[in-house]
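Structure, as structure tokens:
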Amino acid sequence: MSNIDLAYLPVVGRGLQIKIICEMHNIDFNYMLSNPMGEDFDKDSQAPFGTIPWMKDNNSGIELNDSMAIVLYLVSKYPGPLTPQNADEAAIINMYWAWAQDYYSFVLSPFHDIITGHNEPFWRNLRLTDTLADGGKETGVSNLTKLHNSRIGFLEKHLSSKQNGSFLTGSKCSYADIFLYTCVRTVQETAGFGILRESCGGEPFKDCPTILRICNEVGKMDAVIKASGDIFEKAPI
Ligand SMILES: N[C@@H](CCC(=O)N[C@@H](CS)C(=O)NCC(=O)O)C(=O)O
């Protein structure tokens with residue numbers, strides 16, 4: 001039996017970063033596909049908060065139902081290259097992780113509703129939003145494109161003023177770099193995010209050389225290549 005049971009969806013989403021982190025820390029895991037895109041796991045009845053990712057460590061018995069909680073647990077329980085060296089380093093990494101989580105929650109996730117054509121109330125367990133309300137798809141895409149540009153604009157300005165090594169926090173790749181990478185490549189490469197690419201004239205990160213440089217460095221790492229496989233090409237989002 002694998003040490004870790006991990007449930008998510010067959011998309012990049014909030015699952016790939018956990019898979020990459022497991023690969024980098026040699027953590028064996030059993031990947032289960034959840035409803036509505038798989039039958040190994042029922043998020044509505046098996047996940048305490050009704051969302052995925054969900055994880056159970058069969059060694060310790062600990063069960064976690066939040067992506068950041070899962071990542072923080074894995075890098076501290078199973079130390080490896082992504083484990084922060086001290087509290088200060090951890091705090092800064094967690095701030096960048098939270099940037100990516102907010103970008104995902106408020107930009108990418110509402111795009112998922114447009115891409116998958118869902119706008120019915122309560123189709124999610126976590127949030128009640130209708131991205132298509134007040135103007136339909138065109139307005140929704142236009143508003144979210146503005147938000148995308150604003151969010152990445154702040155991060156790029158901040159990072160470019162630091163001139164601080166190849167990664168977010170300096171010379172060492174962190175779990176926040178991994179999440180930034182999965183978000184950026186999702187927008188650049190997955191079929192579903194073609195609508196954001198189109199809305200940005202084909203290059204959604206064209207004014208973000210620092211963000212792109214960091215993602216290029218992350219994308220060169222063997223564990224990232226191995227864990228990602230062809231997911232950006234094949235997954236819809
Ligand atoms: N803060 C949570 C958010 C989890 C979340 O929203 N997961 C989405 C998939 S990425 C989900 O389960 N959506 C289905 C639903 O809400 O029913 C985390 O980071 O794990």
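Could you tell me whether any residue of the range 11-20 is within 24 Å of residue 237 (Cβ to Cβ), surrounded by fewer than 21 Cβ atoms within 10 Å (Cβ to Cβ) and of a type in the set (Val, Ile, Thr)?
Yes, because at least one residue in the range 11-20 is within 24 Å of residue 237 (Cβ to Cβ), surrounded by fewer than 21 Cβ atoms within 10 Å (Cβ to Cβ) and of a type in the set (Val, Ile, Thr).
Being in a loop (DSSP other than H, G, I, E, B), buried (at least 19 other Cβ atoms within 10 Å of the Cβ) and either modelled with pLDDT of 95 or more or more than 16 Å from the ligand (Cβ to nearest atom) (or both), is that true of even one residue in the range 53-63? Give the steps one after another, and end with the answer.
Initially, the range 53-63 is screened for residues in a loop (DSSP other than H, G, I, E, B), giving 53, 58-62.
So of that shortlist, the ones also buried (at least 19 other Cβ atoms within 10 Å of the Cβ) come out as 53.
Right, trim to either modelled with pLDDT of 95 or more or more than 16 Å from the ligand (Cβ to nearest atom) (or both) and you get 53.
Yes, the range 53-63 contains a residue that is in a loop (DSSP other than H, G, I, E, B), buried (at least 19 other Cβ atoms within 10 Å of the Cβ) and either modelled with pLDDT of 95 or more or more than 16 Å from the ligand (Cβ to nearest atom) (or both).
Without any contact (Cβ under 8 Å) to a residue 24 or more places away in the chain, out of contact with any helix residue (DSSP H, G or I) (no Cβ under 8 Å at 6 or more places or on another chain), of a type in the set (D, E, K, R) and assigned to a helix (DSSP H, G or I): does that describe residue 88?
yes
Out of the range 128-169, which residues are surrounded by fewer than 18 Cβ atoms within 10 Å (Cβ to Cβ) and closer than 25 Å to residue 69 by Cβ?
Selection gives 128, 129, 151.
Step by step: first the residues of the range 1-36, then only those that are more than 15 Å from the ligand (Cβ to nearest atom), among the hydrophobic types (A, V, I, L, M, F, W, C) and not in a strand (DSSP E or B), then the one that is farthest from residue 179 (Cα to Cα). Which residue is that?
Selected residue: 1.
Has the range 37-47 got at least one residue that is among the polar types (S, T, N, Q), within 14 Å of the ligand (Cβ to nearest atom) and surrounded by fewer than 23 Cβ atoms within 10 Å (Cβ to Cβ)?
Filtering the range 37-47 down to residues among the polar types (S, T, N, Q) leaves 45-46.
Narrowing the set further to residues that are within 14 Å of the ligand (Cβ to nearest atom) leaves 45-46.
Okay, now just the ones that are also surrounded by fewer than 23 Cβ atoms within 10 Å (Cβ to Cβ), so 45-46.
The answer is yes; a qualifying residue exists.
With the range 119-237 as the region, which helices (runs of 4 or more DSSP H) entirely inside it contain at least 3 residues that are over 30 Å from residue 43 (Cβ atoms)?
Correct list: 136-162, 209-219.
The values are calculated or read from the model by the stated rules, or taken from the named source; none is laboratory data. The structure displayed is predicted, hence computed values, not measured ones. Here Cβ is always computed from backbone atoms with ideal geometry, including for glycine, and neighbour counts include all displayed protein chains.
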